[in-house]
Every structure is written in C-alpha cells, then in structure tokens.
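Every number here is computed from the coordinates shown, using simple stated rules; none is lab data. The structure presented is a predicted model; accordingly, all values stated were derived computationally and were not measured. Glycine also receives a Cβ, built like all others from the backbone with ideal geometry; neighbour counts cover every protein chain displayed.
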Amino acid sequence: MANRIDTAELSRAIAAWTSTINDASLPGVGSTVYGGYLKSQYTVNGVEKISAQLQIVKRIEWNYSIARLVVVQNAGGTDSAQNNYFDFMSNGNVQIPGRLYMGSPAVSSWWNSAQAHYASYYAETATDSPGNGAIAGLSWGYQHGGGYNLRSMWGNVGNGLGAWANTALTQFGDSGSKIRYWYFTPANGDLVTSTSGDGGFAGNYTYQKSATSDATLKHDITYDDGQASYENIRKLKPCTFVYNGDYFERARRGIIAQDALRDIDREYVKLVPAAPEFDEDGNRCDKDDTLALDNNVIMMDTALALHHTIAKMEALMQEVADLKAEINALKA
C-alpha cells in the first residue's frame, strides 16, 4: 500500500484512549482498511487463554463502517477453540454469528406489552409510502440433508393506501421459487392462505370461523319461514370437477364459486387474495385473486331450507290425511 505508515499509536487525549493506524492516502475499491485495536487478554504462564479485541473495519465500497468485537477462546483442557466476531455497524445494524438470548418481557397491559422496554424484541414502525410493499420482522431458514431449502418470514404486507395491511407468515421454498403465504386480516379476522411460484406448493384457501349467533350481538331480528333460503338452495348447480394440481385426478362433487356469486347469493362467496408478488425491481405484480365458498352461510341456508321443506311436507301430509278421511267418509 503506497505511503502506508504501518504503526499503531496509543495516545491519551480528552480523557479518551485512541489506537490509530494512519494511511497517507485512501486505498481503492476492493480494499479493506482497519483501525488500531484495543485488546483485553488473559494468559496462563504467558500463553493466551482468552481475549477480546475491539477494532474499526471498513471495506472501501461499503457505505458503512463496522466496530468489530472479536472474542477468542483457545483450545485446552475441556475448552474447544472458538473465534467469533460481533459487528456493530454505523448504519445501526448489528450482526452476530450465534444465537441471541434476551430477558423475559415485562408484564403489563396489552398495548404497553407491545412497546419498547416491555417487549423482549421491539422494532420501530416501518413506513411504506405506496402501501403495497412487504416487511420482515423475523426471517429464518431450514433444510435437511436431502435439500428442501425453506425460509420462513413473519411480517406484514400492504393492501394499498385505503386498507389495513395484513400480518403474514410466508414460506419460501427453494430460494423463493415456491411460496406459501398465510395472512391474518385485522379488519374481519380472516385467516387466508394462497400460493405462487412454480406450482410446488398448491391450494388457495380461506379458513372458516364459527358463526356468531348470540342474540345480544344482533339487531333487527325478524323471524320468517325460510323461503329465501329454500330458493337459494334450489338454485344450486351440482357438478363434478378435478382440482388443478391433483396428481391422482380425483373427481370431486360440489358447486362452483362463480356460479354461486352470479346466480344465488354473493354472501356464499369469499375472496381469497392472491399471494403478493414482486418483480425484479420490487414492484407489486400480483396474480388474479380466487374465490372460496363460505360454508357457514351455505350451512345455515341448508338448515333453513330443510326447515322450510319439513313444514311443506307436514302440510302435504296433513292434506293427504284429510283427503283420506274424506274418502273413507264417502265410502262409509
């Protein structure tokens, strides 16, 4: 390195210790520069056993610098050799090579428990100006000896500037070529899962909730004979079909959500939003949403239609009984 002064100077000024390495000129791109270091060391008979070293580090093309703490344990006795560094970056990031242990969270009210100095892990709020990006609060990976690389992410994804974001658990298979997206919707409490990618993960679903039926949670209660439900069930179009991605090509029985939405009752159908996708530039490019049946609504209409049918059958049975009685009277 040109004009390098390869010495370390330890000086005391303004009540601070400074360890300096000085270069006459800044090296070019691809170079890494190091400041002087401060070292704490423990030796046994003059041989180092453990040490810690603090040093400033920067690669020239990085737009940040690192305060690097290196902790060393030399092998001997029951100790194995260990050498790890902990990076504290000028941009506020921290990188550690091992696991992180934190104390227990503070017990408080719901809202207080979510705040800094109460939660064991707390992150500041990220602002997504267009309202359609994604953030990861946690991201971790797993794979076994046979491969199957899977990365899981717990975070949020936006739904535009006029709606609440979803809280999402996202599973990325094979470096993101397969995606399973689970999201929790705050406005209506739905749990929805959908997929994207090369087809390795299949099936878009919305999970059913137990319908709330307590009278104290309702108003404008009006009793009727179930005729409307009877008409809805009568309009169903039974069919058979095979699910895309079913390798066994099994024929299923049911109805089509688009038919129910168009011909019967829009409450029979729920929207399953497509998994958020992003192009190489980070722009949203979601696929088309899909539809699912709301089995709670269909189940209640079926029960009410059956109630209406039973009433009709009983009325017809009474008419038949009355006619039989009249015929028997005439015969007598």
Query raised in the report: Distance in nm between label sites at L191 and L330, each 7 Å beyond Cα in the beta-carbon direction?
Result: 6.4
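Under a point-charge model restricted to the Cβ atoms of Lys and Arg (+1) and Asp and Glu (-1), what is the dipole moment magnitude of the range 215-331 relative to its Cα centre, in debye to the nearest 20?
Numbers: 15 positive and 23 negative charges, 138 e Å.
Rounded to the nearest 20 debye, it is 660 debye.
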Query raised in the report: Can you put I96, I221, I233 in order, fewest other beta carbons within 10 Å first?
Result: I221, I96, I233
Report summary line: Options (1) 1.11; (2) 1.22; (3) 1.00 are given for Rg/Rh (Cα atoms, Kirkwood Rh), and the computed one is (2)
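Any idea how many Lys pairs in the range 215-331 come in under 22 angstrom at the alpha carbon, given 8 or more places apart or on separate chains?
Lysine pairs meeting the criterion: 6.
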Query raised in the report: What are the ³J(HN,Hα) values, in whole Hz, obtained from phi via the Karplus relation 6.51 cos²θ - 1.76 cosθ + 1.60 with θ = phi - 60°, for each residue of the range 49-58 in sequence order, with x given for Gly and Pro?
Result: 9, 9, 7, 9, 9, 10, 8, 8, 9, 8
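What is the calculated FRET efficiency for E280 to N149, with r their C-beta to C-beta distance and R₀ = 25 Å, to the nearest 0.05? Spell out each step's value before the answer.
Numbers: r = 21 Å, r/R0 = 0.82.
With a Förster radius of 25 Å, E is 0.75.
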Requested in this report: Choose one answer from L293, L217, L304: the residue with the largest mean-square fluctuation in a GNM of the chain with alpha-carbon springs under 10 Å.
Outcome: L217
Report task. Would you calculate the separation in nanometres between label points at E314 and E267, each defined as 7 Å from the Cα along the Cα-to-beta-carbon direction? Result -> 2.4
Requested in this report: Pick out which of T170, T309, T222 has the largest mean-square fluctuation in a Gaussian network model of the chain, springs linking Cα atoms closer than 10 Å.
Outcome: T222
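Can you sort E280, E267 by how many other beta carbons sit within 10 Å, fewest first? Show your work: numbers first, answer last.
On the way: E280 6, E267 15.
In order of increasing Cβ crowding within 10 Å: E280, E267.
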Query - Potential lengthening between A211 and W62 on full extension [0.36 nm per residue; Cα-Cα distance subtracted] - result: 48.1 nm
Report summary line: Residues L291, L138 in order from fewest to most other beta-carbon atoms within 10 Å are L138, L291
Query raised in the report: For helix 295-331, what angle does its Cα long axis make with the longest principal axis of the chain, in degrees from 0 to 90 and rounded to 10?
Result: 10
Requested in this report: Provide the per-residue ³J(HN,Hα) series for the range 28-34, in order, calculated from phi with Karplus coefficients 6.51, -1.76, 1.60 and θ = phi - 60°, each as a whole number of Hz, with x at glycine and proline positions.
Outcome: x, 4, x, 8, 10, 10, 10
Query - Karplus 3J(HN,Hα) series, Hz, for the range 98-108 with 6.51 cos²θ - 1.76 cosθ + 1.60 (x for Gly, Pro) - result: x, 8, 10, 10, 10, x, 6, x, 7, 7, 7
